[in-house]
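What follows is one structure encoded as structure tokens, with my remarks underneath.
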Amino acid sequence: MINYVVSVEQLLVLRMGHEILHELTFAIAPGSITGVLGPSGCGKSTLLRSIVGVQVVQSGRITVLGLPAGSPALRRRIGYATQSPSVYPDLSVAENLRYFATVLGAPPDDPARVLEQVGLEPQRDQQVARLSGGQLSRVNLAVALLGQPELLILDEPTVGLDPVLREELWELFHRLSLTQGVTILISSHVMDEAERCQSLLLMRDGSILAHDTPAALRARTGAKDLEGAFLRLVKEMPVEERQA
Amino acid sequence: MSIQVTMATAQRLFEQLRHDPRTVAMMILLPALLVVVLRYVFNSKESFEHLAPALLAIFPFIVMFLITSVATLRERTTGTLERLMTMPIAKLDLIMGYALAFALFAVAQVTVVAVLALAWLGLSVTGSLALLFLVTVLDALLGMALGLLVSAFARTEFQAVQFMPLFAAPQVLVSGLFLPRNQMATVLTWFSDVMPLSYAVDALKLVTVSAVVTGELLRDVAIVAGSTVLALVLGAATLRRRTP
């Protein structure tokens, strides 16, 4: 039996009286890159927040690296980047990284390492408020890479990046997963990113439509691309669920 | 708790303020400026002597209240608080980091006001200067602690700024600034009796008129210090690892 890095059972999340996630169940294999895909508002961020342990959940069980989600011991082992950059705009890039590195207990040369990984060395001493949108999301990602976490949870990390940068970041993700065995969960609402993942979790309206490899999804639906596969899966959904 | 993380948090706040020299200048000079203006509003050394102890308590209190409530609210709205809550930082590390950084600012602020009042504006202090200093800094810290606490109840910066007239101004009005507290309407006397700022003003009055450390003075100082600690602990309780 595989020792899963993340396993989610019957996860139910309510926000302001609305059911956002409807009893989701799935598991993530170690060292894999899993794409969480679906239209905006389908519950991707809530799912990721639940796995990180910052979301109040109603019921269900989430186990991360062998511990219940949100356990204090996990705080050093998970790197999490929210969709909107959560860094201090009035500090420089280096000051931000140094502070978060200290909080994580990461070695003093860790900020330099992650700066190199996201290609932001030239902006090292620039104030974050003065960065471009793409640079800002890379600072946000750099903080998540501090302390070499075993599990990376990235909420739409490539939004607003130009194709070259996006390519570079995907190369980084693949390198981390291949050489260091880092497990990566990455959300996106653009289907063309799906091909780069080993495993896909297709979501719609708080439910999981499918959890499979890109190739298997194409084969199962007979669609040429994943966009088509997604649309076919939506059509296959029972009518009452589609309206829910 | 970790001393290293507490110190890093204080340092981070210093770095943030260093990038905003205008705020620093206003924080340190505004109370002094207002005290000078009031000295000449009354235009008599005697009336000023009567008023000065209360002013020493009130202006640093208000400035610290405002700065801290906005700073903490920003930490909440930019998502950096949520990010920190996913990391191995104790809530007290964060709170103490804030307390440490702002205490140092309070010292600078109080030094400027006190030196000015003593050297130029004709305030005479019969009691110990060290004690005057201690009580004033403690009082600025009280403002900081209350600002930190109420910021949890503000959703926007507009609201946070309005909390000054809501929470700080009433305390100032009933603190004995205009009239001795027992000459106000009975209801206001009761109100004044439960407001911590009243005791800060009382303590400063006692320090300026007598060199004897009375039981009453000790009680006042204990109440101010106790309220500060209470507000910090309640403030820590408003920091949530999990949010809906």
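Please treat every number below as a calculation from the coordinates, not as lab data. What you see is a predicted model, and the numbers here were worked out from it, not measured in a lab. Ideal geometry is used to build each Cβ from the backbone, glycine not excepted, and the neighbour counts take in all protein chains shown.
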Relative contact order as a percentage, chain B, C-alpha pairs under 8 Å and 6+ apart, gives 29 percent
Fraction of antiparallel bridges per DSSP, the protein assembly as shown only, in percent to nearest 5:
50 percent
Label model pair B:ARG219, B:VAL41: point-to-point distance (7 angstrom along the Cα→beta-carbon line) in nm is 3.1 nm
List the trypsin sites (Lys or Arg not before Pro) within segment A:134-212 that DSSP assigns to loop and that have no more than 12 neighbouring Cβ atoms inside 10 Å.
none
Quick calc: nm separation of the 7 Å Cα→Cβ label points for A:THR25 and B:LEU166 -> 4.6 nm
Can you give me the span-like helices of chain B, meaning DSSP H runs with 15 Å or more of Cα extent along the axis and Kyte-Doolittle mean at or above -1.0?
B:3-18, B:21-42, B:45-77, B:91-119, B:129-150, B:196-209, B:215-237
Take B:TRP190 and B:PHE14, extend 7 Å from each Cα along the Cα→Cβ direction, and tell me the distance between the two endpoints in nm.
4.7 nm
Value of relative contact order over chain A, rounded to a whole percent, pairs C-alpha under 8 Å and six or more apart
25 percent
Fully extended contour minus Cα-Cα distance, from A:SER40 to A:SER84, at 0.36 nm per residue:
14.5 nm
Please sort by residue number the trypsin sites (Lys or Arg not before Pro) in segment B:139-244 whose DSSP state is loop and whose Cβ has at most 12 other Cβ atoms within 10 Å.
B:ARG155
Got the relative contact order for segment A:84-147 handy, in percent, Cα pairs under 8 Å and 6 or more residues apart?
50 percent
Using only Cα atoms, figure out Rg for segment B:3-235 and give it as a multiple of 2.2 N^0.38 Å.
1.01
All other residues with a Cβ under 11 Å from the Cβ of A:VAL8 taken together, and with Lys, Arg as +1 and Asp, Glu as -1, what is their net charge?
-1
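Taking the number of other C-beta atoms within 10 Å as the exposure measure, put A:LEU67, B:LEU206 in order starting with the fewest.
Listed from fewest to most nearby Cβ atoms, that is A:LEU67, B:LEU206.
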For segment B:27-125, which chymotrypsin sites (Phe, Trp or Tyr not before Pro) are both in a DSSP coil and crowded by at most 16 other Cβ atoms within 10 Å?
B:TRP120
